[in-house]
1. Among the candidates Phe50, Phe46, Phe70, single out the residue that is over 19 Å from Ala205 (Cα atoms), touching a residue at least 40 places away in the same chain (Cβ under 8 Å) and crowded, with 18+ Cβ neighbours inside 10 Å.
2. Just name the residue that is surrounded by the most Cβ atoms within 10 Å (Cβ to Cβ) out of those in the range 230-255 that are modelled with pLDDT under 85 and outside any helix (DSSP H, G or I).
3. Any residue at all in the range 50-62 that is in a helix (DSSP H, G or I), within 26 Å of the chain's Cα centre (by Cα) and of a type in the set (Lys, Arg)?
4. How many residues, within the range 168-205, are over 22 Å from Ile83 (Cβ atoms) and more than 17 Å from the chain's Cα centre (by Cα)?
5. Within the range 199-218, how many residues turn out to be surrounded by 14 or more Cβ atoms within 10 Å (Cβ to Cβ), of a type in the set (A, V, I, L, M, F, W, C) and farther than 16 Å from Glu59 by Cα?
6. State whether one or more residues within the range 26-35 are among the small types (Gly, Ala, Ser), surrounded by fewer than 19 Cβ atoms within 10 Å (Cβ to Cβ) and assigned to a helix (DSSP H, G or I).
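The values are calculated or read from the model by the stated rules, or taken from the named source; none is laboratory data. No experiment lies behind these values; they were computed from the predicted model shown. Here the Cβ positions follow ideal geometry from the backbone for every residue, glycine too, while neighbour counts run over all protein chains shown.
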Amino acid sequence: MREVRHLISKGSPILMVEQRINHTKALLRQADELLRAGKLSTTGAFFSSFFILLREGTEGMLMLAAIITFVVRSGQRQLLKYIHAGWISAMLLGALTWIAATWLIQISGAQREVTEGVTALIASVMLIYVGFWLHGKNHAQSWSKFLDNQANMALERKTIWLLALASFFAIYREVFESVLFYQALWVQVNDTTKPALWNGIFVAALILASTGWMIFKFGIKLPLGLLFAATSLFLGLMAVIFAGQGVAALQDANIITSSPVHFLTLPMLGFHPTVQTLLVQVSVICILALCYLLPSRRQSNPALAPTEQGEA
């Protein structure tokens, strides 16, 4: 459908547009036939449920595990309540979304894409800032000064709140999409295959929790500087991914124009073959590169470093 809109907007020949429309209609008919073919089997219900949660939960779980590891390793366990408040609020709001989507309102595909796109872009902006802040503290000396300087506590609180908000938007985006997928899956199961659906959720949740625990267990043992550097790079990568996914979602909702190009498609990494998504991702990479190079330049050239008073 995105390609159909693009062909129409650039004034492509009518025959080409008609061919693309006919192809899209054929795909819609195929989807409709598959949905009408009958209820899912026990195996189909299990694996559909399993891969929905595993796919949607991987990004959020990885980011949440990295954030929690960073907070604990930096000796700020008392601030974990903000992070937990962020992702728990996202889960609760996701449950309310499910209730609303089931009994109160009907969420269209366009509304879903807009919500996903906006939350992804907000999370991307927050991760850019947090990644830059962490990178500036990836030297033990810088982190020690930061903790010793009480004037910087306001910045610490600000950063923690941004981490909490980033965890909220990242988790809610995944929960929101999962709710809608499971809502569609629920109507395709019966009393016999419903246990397989719940089993799929349980196994996927177990894998996600185990992976997060392993990241926390091994990450907590890393040297402080290495942990800060690894976390900042990971959050930067997530910012690039969320930026691409956010723009693509808004393109699907026809909020942003779409100009297809010949490029690989990797939705898990936010790579979509359009000029707009790639330009936004390249821009985010350039911003991250500038932000990461600035602290390194100051470390190598003390004359460029701000005074202690200026940092406060």
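1. Phe70
2. This residue is Ala253.
3. Yes, that holds for at least one residue.
4. Within the range 168-205, residues that are over 22 Å from Ile83 (Cβ atoms) and more than 17 Å from the chain's Cα centre (by Cα) number 23.
5. 2
6. Yes, that holds for at least one residue.
Listed here are the residues, each with its yes/no results for (1) closer than 26 Å to Ala196 by Cα; (2) of a type in the set (Phe, Trp, Tyr).
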site: Thr42; (1), (2): yes, no
site: Phe51; (1), (2): yes, yes
site: Met63; (1), (2): no, no
site: Arg73; (1), (2): no, no
site: Ile83; (1), (2): no, no
site: Gly86; (1), (2): no, no
site: Ser89; (1), (2): no, no
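Listed here are the residues, each with its yes/no results for (1) in contact with a Phe, Trp or Tyr (Cβ under 9 Å, 6 or more places away or on another chain); (2) modelled with pLDDT under 75; (3) crowded, with 23+ Cβ neighbours inside 10 Å.
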residue: Ala100; (1), (2), (3): no, yes, no
residue: Trp103; (1), (2), (3): no, yes, no
residue: Gly109; (1), (2), (3): no, yes, no
residue: Glu113; (1), (2), (3): no, no, no
residue: Glu116; (1), (2), (3): yes, no, yes
residue: Ala120; (1), (2), (3): yes, no, yes
residue: Ser124; (1), (2), (3): yes, no, yes
residue: Ile128; (1), (2), (3): no, no, no
residue: Trp133; (1), (2), (3): no, yes, no
